[in-house]
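Engineer: Before I ask anything, here is the structure I am working with.
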Amino acid sequence: MVVEKLASRDVTVGILGLGYVGTTLAAVLLKNGFKVVGCDINKSIVETLKHGCCHIKEKNLDHIFNKYKIDVTTDVDLTVRNSDIVIVTVQTPWFSSGPDLSYVINACKTISKNLSKRKLIIIESTLPIGTMRNVVLKILKSSGLNLGEFYLAYVPERILPGNALYEIEHNSRIIGVADEESGIVTKKFYSTFVKGKLYLTSFEIAEMVKLVENTYRYVNIALSNEIAILCKKLGLNSKEVIELANTHPRVNLLNPGPGVGGECLPKDTRFLLKVFEEMGIESKIIKASIMINESMPEYIAELIINSVPKGKISILGLAYKGNVADIRNSPSLKVIRKIKDHYNIYVHDPYIKINCNGIKVSDNLEEVLKDSNAIVILTDHDIYRYIDLNKISKLMKNKIIIDTRNIINKKLAESYGFKVLSV
Ligand SMILES: NC(=O)c1ccc[n+]([C@@H]2O[C@H](COP(=O)([O-])OP(=O)(O)OC[C@H]3O[C@@H](n4cnc5c(N)ncnc54)[C@H](O)[C@@H]3O)[C@@H](O)[C@H]2O)c1
């Protein structure tokens, strides 16, 4: 039985989906002594990992894959058959019509085909409310086995890209189950590598909690964006306003910026909005937040066009957030699209080596800044926070910085002759 083998780590964990979540989780489980089989239907991911390289950039990840051996395969059936615990970390994208559950459904169908008694199935992918009971459990039961014969839990992932390995081990986790046995087994499993608290609840509460967490952050950013726009009109430094407001013990405003990107926040907010709509309730606050956050790239584009003369312009940062290599839904892409007919655009991003979406990305900062009319900081990579303002002031044609992330020391920049416009 799984639970008795956990202490000695005599357990094989199969992970279905080696994207950001699955790969980082695999690394943590390897480090904690588990036998891990990583499975992805994408051959190139599997080949990359087979050759000892990693397709995901994350602090300490390469080091773990160098030190511990992961078995990787594209064979989903075999992975399920050979694993005591199967964790599903496939994507759950948002389409304009609603959530796309096809990847979860396909993974569950394969699990169902290969399900045997006492296997623990865990879903970590983000799900709309009701999916565990009405979709996942139903598919697994079509195997002929019933809950009690196998174990099932929903444990939504909560990691922050850029600090994922630490957070997998230290965050508290919500465990949604429909029977007591699954709760006991799943809690025991996570307690072997999670130092945070483990909270047991129902499928539906766990599903709702995951969506509420990210919607809270999304709405919070929308408020910060509006505050920043107002501060700009009033001639106040929004960074100082937000920092000082946050000294209140019960205030925690997030940073304003050029929009909200990434895979999770915009998507999870829409998942929750869809539930409101299905229940016949209008969520005015979510709708307004989407409008505000979605309008930020346009706001930034207008700021650029109104303040920077035509010619060369330098965009710093293509990733959707600092110190990661992820461009999914990145506001940078949206801003670039809106200003591309006005400027000769040069883009720098140290994390993104390839040219994406037809945009040429360089890692040579000097080349990107030389004879430029302005710097537009769109991503808060640390390297931009500590940029040598003195040195770059000598490279540029016009000394304008548009700092959409509020990371530049304005006074210092002004002392080198820069005009700094921030959000
Ligand atoms: N990226 C994050 O920071 C983050 C954080 C918390 C939660 N989540 C959620 O976790 C889930 C996964 O996110 P991600 O960013 O890792 O996605 P991803 O798109 O990077 O990775 C998913 C992987 O699953 C693979 N896959 C699809 N179907 C498969 C199958 N049947 N068998 C094996 N592999 C299969 C895909 O090829 C892909 O490589 C999503 O629901 C996401 O919302 C993501």
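The values are calculated or read from the model by the stated rules, or taken from the named source; none is laboratory data. As the structure is a computational prediction, the values presented were derived from the model and not from experiment. Neighbour counts run over all protein chains shown; Cβ positions are idealised from the backbone, glycine included.
Engineer: When the residues of the range 44-85 are filtered to those that are in contact with a Phe, Trp or Tyr (Cβ under 8 Å, 6 or more places away or on another chain) and β-branched (Val, Ile, Thr), which remaining residue is farthest from residue 152 (Cα to Cα)?
Structural biologist: Per the stated criteria, the residue is 56.
Engineer: Go through 332, 289, 295 for me and flag whichever is touching a Leu at 6+ places or on another chain (Cβ under 6 Å) and of a type in the set (S, T, N, Q). Quick ask: steps written out before the conclusion?
Structural biologist: Numbers: 289 fails: touching a Leu at 6+ places or on another chain (Cβ under 6 Å); 295 fails: touching a Leu at 6+ places or on another chain (Cβ under 6 Å).
Exactly one residue qualifies, and that residue is 332.
Engineer: Next up: Out of (1) out of contact with any helix residue (DSSP H, G or I) (no Cβ under 8 Å at 6 or more places or on another chain); (2) within 27 Å of residue 41 (Cα to Cα); (3) acidic (Asp, Glu), the odd one out for residue 181 is which?
Structural biologist: (2)
Engineer: Tally the residues that are more than 8 Å from the ligand (Cβ to nearest atom) and either within 18 Å of the chain's Cα centre (by Cα) or touching a residue at least 40 places away in the same chain (Cβ under 8 Å) (or both), restricting the search to the range 10-23. Working first, answer last.
Structural biologist: First, pick out the residues of the range 10-23 that are more than 8 Å from the ligand (Cβ to nearest atom): 10-15.
After this cut, where a residue has to be either within 18 Å of the chain's Cα centre (by Cα) or touching a residue at least 40 places away in the same chain (Cβ under 8 Å) (or both) as well, the list is 11-15.
Of the residues in that region, 5 qualify.
Engineer: Scanning for something within 30 Å of residue 420 (Cβ to Cβ), outside any helix (DSSP H, G or I), in the same structural domain as residue 409 (by TED's automatic domain parsing) and β-branched (Val, Ile, Thr), does the range 270-284 turn up at least one residue?
Structural biologist: No.
Engineer: Additional query: Determine whether residue 293 is surrounded by 22 or more Cβ atoms within 10 Å (Cβ to Cβ) and either touching a residue at least 40 places away in the same chain (Cβ under 8 Å) or within 14 Å of residue 222 (Cβ to Cβ) (or both). Before you say what the answer is, go through the steps one by one.
Structural biologist: On the way: surrounded by 22 or more Cβ atoms within 10 Å (Cβ to Cβ): yes; either touching a residue at least 40 places away in the same chain (Cβ under 8 Å) or within 14 Å of residue 222 (Cβ to Cβ) (or both): yes.
The answer is yes for residue 293.
Engineer: Scanning the range 247-280 for residues that are within 13 Å of the ligand (Cβ to nearest atom) and of a type in the set (Gly, Ala, Ser), which turns out surrounded by the most Cβ atoms within 10 Å (Cβ to Cβ)?
Structural biologist: Only one residue tops the list, namely 261.
Engineer: Looking at residue 101 and the list (1) more than 12 Å from the ligand (Cβ to nearest atom); (2) aliphatic (A, V, I, L, M); (3) without any contact (Cβ under 8 Å) to a residue 60 or more places away in the chain, which single condition is not satisfied?
Structural biologist: (1)
Engineer: Having 1 or more residues that are farther than 30 Å from residue 321 by Cα and in contact with a Cys (Cβ under 8 Å, 6 or more places away or on another chain) is the bar; report the helices (runs of 4 or more DSSP H) wholly within the range 79-182 that clear it. Give the derivation first.
Structural biologist: On the way: elements: 102-113, 137-141, 164-170.
Once the helices (runs of 4 or more DSSP H) in the range 79-182 are filtered for at least 1 residues that are farther than 30 Å from residue 321 by Cα and in contact with a Cys (Cβ under 8 Å, 6 or more places away or on another chain), what remains is 137-141.
Engineer: Would you point out which residue out of 200, 223, 211 is of a type outside the set (S, T, N, Q) and in a strand (DSSP E or B)?
Structural biologist: Going through 200, 223, 211 in turn, just one is of a type outside the set (S, T, N, Q) and in a strand (DSSP E or B): 200.
Engineer: Now, a different point. If the requirement is being of a type in the set (Ser, Thr, Tyr) and at pLDDT below 95, which of these qualifies: 362, 332, 289, 283? Quick ask: steps written out before the conclusion?
Structural biologist: Details: 332 fails: at pLDDT below 95; 289 fails: at pLDDT below 95; 283 fails: at pLDDT below 95.
The conditions single out 362.
Engineer: Could I ask something else about it? Within the range 133-162, track down each residue that is touching a residue at least 40 places away in the same chain (Cβ under 8 Å) and either away from the ligand (no atom under 16 Å from the Cβ) or surrounded by fewer than 23 Cβ atoms within 10 Å (Cβ to Cβ) (or both).
Structural biologist: Passing the criteria: 133, 137, 151, 155, 156, 157, 158, 159, 162.
Engineer: Also, quick follow-up: Of all the helices (runs of 4 or more DSSP H) wholly in the range 361-406, which have at least 2 residues that are free of Cβ contacts under 8 Å to residues at least 12 places away in the same chain?
Structural biologist: Details: elements: 365-369, 382-385, 389-395.
So the answer is 389-395.
Engineer: On to the next question. Check residue 344 against each of (1) in a strand (DSSP E or B); (2) under 29 Å from the mean Cα position of the chain (by Cα) and name the one condition it does not meet.
Structural biologist: Of (1) in a strand (DSSP E or B); (2) under 29 Å from the mean Cα position of the chain (by Cα), only one is false for residue 344: (2).
Engineer: Still on this structure, I have one more. Of the residues that make up the range 403-413, is at least one under 25 Å from the mean Cα position of the chain (by Cα) and charged (D, E, K, R)? Before you say what the answer is, go through the steps one by one.
Structural biologist: Here is the first cut: in the range 403-413, the residues under 25 Å from the mean Cα position of the chain (by Cα) are 403-408.
Narrowing the set further to residues that are charged (D, E, K, R) leaves 403, 405.
Yes - at least one qualifying residue is present in the range 403-413.
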